[in-house]
Amino acid sequence: MKQAFFLIVISLLFLCSCSSLSSAKKIGAFEKTLGADNSKVLSDYVQAFETQILKKKYPTLTTNKAYSELLSENPYSIASMKLYELFTDYNLDEYFESQLWHEIYAPVDSVLIDSIILRTKSRYVYLSENGKRVIGEVGGSFKPNMDIDSIVKIEFGICHFNNQGKYWRAIESIQNGVPFLEEFYDTKNKVSHISIGLFDDMVNRHKLDLNDYLVRRIIAVELGKFINDARVPKKNTLANIGYIK
């Protein structure tokens, strides 16, 4: 009897040691800011991520163990896995065209190429429900031997973090008073891109509960940068390319 009681106490202490982000209030605030339609698309994406990518990649592990295992992988290894190929019963093209995707990412919509000094200037935008909004511009360089088509393909395939979209506003609405979310929000605002190694360190240091509703959504979105490799930009046209002669 005493042994059983001891095991129950230990189990409860273990559960309490895992940090949960979700409460009815937090989930309500997050989904209200994100919007009902976007929340539904996000739920479908997370479910597909778990049942198709994680289950196929780590068939013997529980979902939370599979999340932990994937986060601990080397980023180059994750990229080489081509995770998007594991989506067999989920329409990635529809996801890339969804409003949710544009609330998370800001795609490049125009590229200025200077063939003399081998530089590019790309403009990335937020395609909001109310129209296009320019987020910013970023410069790049390319090798002398690269042809224009290759440069254009690379530039238009880049997806930037959308710090003006509803997804980030939803994170902002729930981050106060939650150490992990405060650090995640502050860091991403400063550097835009968080490496998988740094993100994994945040998850482990804050001892997040990987069964948590919001935790899984945040992780699946962060790992989405590897899913975006499957995206074929539809704005790759001459009208979106400029040249400096």
(message) At 0.36 nm per residue, and after removing the present C-alpha to C-alpha distance, how many nm does the segment from TYR84 to ALA230 gain when stretched out fully?
(response) 51.9 nm
(request) Mind putting a number on the dipole of the chain about its Cα centre? Charges go on the C-beta only, +1 for Lys and Arg and -1 for Asp and Glu, and I need it in Debye to the nearest 20. (result) 240
(message) If you take Rg and Dmax of the Cα atoms in Å from the coordinates, which of (1) 18.1, 52; (2) 20.4, 84; (3) 18.9, 66 do you get?
(response) (2)
(request) Can you tell me which of 35-43, 133-141, 111-119, 216-224 comes out highest on packing, and rank the rest after it, using the mean Cβ neighbours within 10 Å? (result) 216-224, 35-43, 111-119, 133-141
(message) Given R₀ = 30 Å, what would the calculated FRET efficiency be for LYS207 paired with ASP37, taking r from the Cβ atoms and rounding to 0.05?
(response) 0.35
(request) Express the relative contact order of segment 76-129 as a whole percentage, based on alpha carbon pairs under 8 Å and six or more residues apart in sequence. (result) 29
(request) Answer with one residue from ILE116, TYR90, GLN175: the one whose Cα lies farthest towards the positive end of the charge dipole of the chain, charges on Cβ with Lys, Arg +1 and Asp, Glu -1. (result) GLN175
(request) State the percentage of accessible surface on segment 73-159 attributable to carbon and sulfur atoms; use a 1.4 Å probe and exclude ligands, DNA and RNA. (result) 47
(request) Let me have the relative contact order for the chain, percent, based on Cα pairs under 8 Å that are six or more residues apart. (result) 29
(request) Keeping all protein chains in place, calculate the accessible area per residue for the chain (probe 1.4 angstrom), answer in Å². (result) 55
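The values are calculated or read from the model by the stated rules, or taken from the named source; none is laboratory data. Computed from a predicted structure; not experimentally measured. All Cβ positions, even for glycine, are placed from backbone atoms using ideal geometry, and neighbour counts span all protein chains on display. Heads up: the accessible areas ignore ligands, DNA and RNA and are worked out on the full protein's heavy atoms, side chains in. Shrake-Rupley method; radii C 1.70, N 1.55, O 1.52, S 1.80 Å.
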